[in-house]
Every structure is written in C-alpha cells, then in structure tokens.
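The values are calculated or read from the model by the stated rules, or taken from the named source; none is laboratory data. Please read these numbers as outputs of a predicted model, since none were measured by experiment. Reconstructed Cβ throughout: ideal geometry from the backbone, glycine too, with neighbour counts over all protein chains shown.
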Amino acid sequence: MLTVRPKVAELAFQLYGRSLHPELFETHKSRTVQRGGYEAKIDITNAGHVITWRYEGITLTEVATSAHHALPQKRRLLSHKLRGERNDHVECRGSIRYEVSFQLEPVAPEIFWTFQQELTHDANQQGMLHIFDSSGRMNLGALSYINVETRNRSMLVQAFHTFPDDYAIVKVQSLFQLP
C-alpha cells in the first residue's frame, strides 16, 4: 500500500469500468452521495482521490494516484500520466457519458501558498478537505480538496491536490452524466 504522497512527476490518472478493492488505497476522508438513481463514493487518498460511481449496474471508478501504485489492468478504460493539460471522455452503455479535464500546473511559490490558503478557507464553507503532514522541507503539508455538485442527471466533481515540494497543483474536473 502506498503510504507517502508521491512526487508530482509520478502521478497517473485512470478510469475503470469496475470497482477497485478499497484496501488498495489509504483513505483519509470519504463521502457518499446519492441522487437521481446514481450513487457515488468519493475518497481522498495519499496520492489524490478515488471516485466510485454507480448507476443501474454500471460502475465507473476514477483514480488519481502514483503511476507506481500497482493497480489492475482489467477493464481499465483510460490511463494517462498527469502531465500538462488533458481532456478525455468515455461513452458507456445506456448512453451514460463520462468527461474529464485535468491539468498539472507548476506555479511560483507565492501563488502556490496563496492558492493553499484559499482552498483551506473555501473548505470551511463546503467540500471535503484533508491537510497532510509536512514533508519536513516545508512548514505546511500538501492538501487535497474535493467539491461535489449533484443534479438528478449528473454529478460534477472538482478536485485539487497540492504538492508543496514541487510548487505544483493538480486540478481535476469530472462529469458523470445520465442520458
């Protein structure tokens, strides 16, 4: 099991057409939502997040984690290194649509610390926040913030993961849509 936050250069993004065993991840915060016939479990993990979305026998699992994290290949629908900016989508049976946009953004130290403070403040109003212990090199540890917006026919997830040692921010926006 992965026990420390990976280096930002080692990050990967994957989507599966199945659920993954929860013991594969160290979960720090978790939330379950139900609406319009679908259900989703959103977890903040060491490297990023895991979202497991279910609707009428269809399961999609989104994972932002280390590329070195041993995950199965069976029913993997998408796999990308988390570098630069990327958009992708998957059409599933029953006209279910999944869309994702993610980017890895290196920023100047002053912008990084301002962003971390804003996320910490926003989390007090809404969303899920986990602040990690400092790596020892920086005074403040990394953080992960996830905001979920649900509608009867869709779920929008915005995730932000910071990496203080690299002054980098991972931003992921995922949309799960019913027909």
*Pull up the range 145-167, narrow it to residues that are aliphatic (A, V, I, L, M) and surrounded by 16 or more Cβ atoms within 10 Å (Cβ to Cβ), then point me to the one that is nearest to Thr32 (Cα to Cα).*
Val148
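Can you give me the number of residues within the range 121-144 that are modelled with pLDDT under 85 and surrounded by 11 or more Cβ atoms within 10 Å (Cβ to Cβ)?
Within the range 121-144, the first condition is being modelled with pLDDT under 85, and the residues that meet it are 121-126, 133-141.
Next, from what is left, pick out any that are surrounded by 11 or more Cβ atoms within 10 Å (Cβ to Cβ): 122-123, 126, 134-135, 138, 140-141.
Matching residues across the range 121-144 total 8.
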*Given (1) over 28 Å from Arg54 (Cα atoms); (2) in contact with a strand residue (DSSP E or B) (Cβ under 8 Å, 6 or more places away or on another chain), where does Trp113 come up short, assuming only one miss?*
(2)
*asked:* I'd like to verify a number: residues in the range 145-179 that are part of a strand (DSSP E or B) and either over 15 Å from the mean Cα position of the chain (by Cα) or not polar (S, T, N, Q) (or both), how many?
replied: 21
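Is at least one residue of the range 65-75 outside any loop (DSSP other than H, G, I, E, B), under 27 Å from Arg153 (Cβ atoms) and under 14 Å from the mean Cα position of the chain (by Cα)? Reasoning before the result, please.
Step one: list which residues in the range 65-75 are outside any loop (DSSP other than H, G, I, E, B), which gives 65-66.
Then drop every residue that is not under 27 Å from Arg153 (Cβ atoms), which leaves none.
No.
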*Would you mention how many residues in the range 76-90 are in a loop (DSSP other than H, G, I, E, B) and in contact with a strand residue (DSSP E or B) (Cβ under 6 Å, 6 or more places away or on another chain)?*
2
